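Have a look at the structure below before the remarks.
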Amino acid sequence: MSFNTFGHMFRVTTFGESHGVAIGCVVDGCPPRIPLTVEEIQNDLDRRRPGQSRFTTQRQEADQVKILSGVMTNDSGQQVTTGAPIALVIENTDQRSKDYSEIKDKFRPGHADFTYEAKYSIRDYRGGGRSSARETAARVAAGAIARKIIPDVSVRGALVQMGPHKIDRANWDWDEVGRNPFFCPDKVKAAFFEGYLDDIRKRGSSIGAVVEVIAEGVPAGLGAPIYGKLDGDLASALMSINAVKGVEIGAGFGAAELHGEENADEIRMSNNGPVFLSNHAGGILGGISTGQTVVARFAVKPTSSILTPRRTIDKNGAETDIMTKGRHDPCVGIRAVPVGEAMMACVFADHVLRHRGQVG
């Protein structure tokens, strides 16, 4: 199985399965002498960790990360990167493979069961193996390292829509994101989501969501034409997250509804340099950052593992029904917020290093 690595100068390779002994990643290309502690990585992992509320899977994983290589203590007693590959590992401690034994020969609709079987003639039925969102914990760990490379760039994410219900952007409060279990910046809508998702959860169903990730402090000039576009790499990185079915930058699909006069981000000059009067482009023009805030959104489909019986076939081609038991997120988009942040941070770390390599 190839293609477990992403990035160019800042490269991340993830490994492990949902119900295996452990998951982890190897981060290559991190510059030396950057202070890095386990606690800094753990802080991001704790935001993604399962079982923190009734609105996420009740699988109880501590997600305690260990640094196996790539760091050492310097003469000042500070742990820093050495420039060597940084290997991180997270043990799986709460697997329940027996939950999947009854359906091991059936293809779960909406999951990668059928396609993995078609491609490899073998699949890990225990929670999906590599196709499980469990793998994203390793991405979040890598994202914590990426943030150390771009200290002047702030990457933050929020859940802005659940099902058909969108937040009121007039109520946007970044501090509120950390106060509710949905990473929602709208206090009023977060309160609504509690009852809304409770009803869905109790029915054994699931719902989709939209996550918005914003990067502030991005310098102008990151990215490159034609096949190294910053927005192209962001779209690819966000699209690689489990259950993501759509990505947009800036106005995104909404740009199709605008006239040219509305969509063009006009420019004026200030004492501090050029000032854009709007940001429909999402901070990227021609694949290169403008110095504005970079804005990306991605749509997360409903969790496919639900208690409602669905029609399917088994590996022998026989038609059957399936009901997926176990512990699953009623809205997987909630825990996708820190994953989206991590992927954006990794893309920016990669492009900062690539920019430095090309233009100094």
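The values are calculated or read from the model by the stated rules, or taken from the named source; none is laboratory data. All values reported here derive from a predicted model rather than from experimental measurement. Please note: Cβ atoms are built from the backbone with ideal geometry, for glycine as well, and neighbour counts cover all protein chains shown. Note: areas computed on protein heavy atoms with side chains; ligands, DNA, RNA excluded. Shrake-Rupley method; radii C 1.70, N 1.55, O 1.52, S 1.80 Å.
Residue by residue, what Karplus-based ³J(HN,Hα) values in Hz, rounded to whole numbers, does region 337-350 have, using 6.51, -1.76 and 1.60 with θ = phi - 60° and x for Gly and Pro? Whole-Hz 3J(HN,Hα) from phi for region 337-350: 4, x, 5, x, 4, 4, 5, 5, 4, 5, 5, 5, 4, 4. Ellipsoid fit via the Cα gyration tensor, region 143-222: semi-axes of 29, 14, 11 Å, each the root of five times an eigenvalue, largest first.
Running a GNM on the chain with Cα contacts under 10 Å, which residue among Pro225, Pro338, Pro31 ends up with the highest mean-square fluctuation? It is Pro225.
Based on protein heavy atoms only, region 226-290 ends up with 60 Å² per residue of surface accessible to a 1.4 Å probe.
Check each of the trypsin sites (Lys or Arg not before Pro) in region 1-49 and keep only those in coil by DSSP with at most 15 other C-beta atoms within 10 angstrom; list them in order.
Here the trypsin sites (Lys or Arg not before Pro) that fit, given the DSSP loop and packing criteria, are Arg33.
Remark on region 80-174: hydrodynamic radius 17.6 angstrom, per the Kirkwood mean of 1/r across alpha carbon pairs.
How large a share of the accessible area of region 147-263, in percent, is made up of carbon and sulfur atoms when the probe is 1.4 Å and the other protein chains stay in place?
The nonpolar share, carbon plus sulfur, comes to 52 percent.
Here the accessible area is traced with a 1.4 Å probe on the protein chains. For region 1-142, carbon and sulfur cover 51 percent of it.
Amide H contacts of Leu285: Thr290, each under 5 Å away and 5 or more positions distant or on a separate chain (H built 1.01 Å from N in the peptide plane; Pro and chain starts excluded). Loop sites here are chymotrypsin sites (Phe, Trp or Tyr not before Pro) outside DSSP states H, G, I, E and B with no more than 12 other Cβ atoms within 10 Å. The longest part of the chain free of them is 4-226. For region 244-345, the alpha carbon positions stretch 68, 29, 21 Å along the principal axes, listed from largest to smallest. Across region 4-149 the C-alpha pair distances fall into 10 Å bins from zero in the proportions 11, 37, 30, 17, 5, 1 percent. When both region 156-170 and region 256-328 are represented by their alpha-carbon centers, they are found 12 Å apart. Rg and Dmax, both from the Cα atoms of the chain and both in Å, are 21.1, 71. Longer than 19 Å from Cα to Cα, which of Lys166/Lys189; Lys119/Lys245; Lys104/Lys315; Lys106/Lys202; Lys106/Lys325 are they? Say none if no pair is. In this structure, Lys119/Lys245; Lys106/Lys202 exceed 19 Å between Cα atoms. Cα convex hull, region 178-267: 178 Å³ per residue, rounded to a whole number. Taking trypsin sites (Lys or Arg not before Pro) across region 138-228, the ones in a DSSP loop with at most 16 further Cβ atoms lying within 10 angstrom of their Cβ are Arg179, Arg203.
Of the GluC sites (Glu not before Pro) found in region 251-360, the ones in coil according to DSSP and having at most 12 other Cβ atoms within 10 Å of their Cβ are Glu266.
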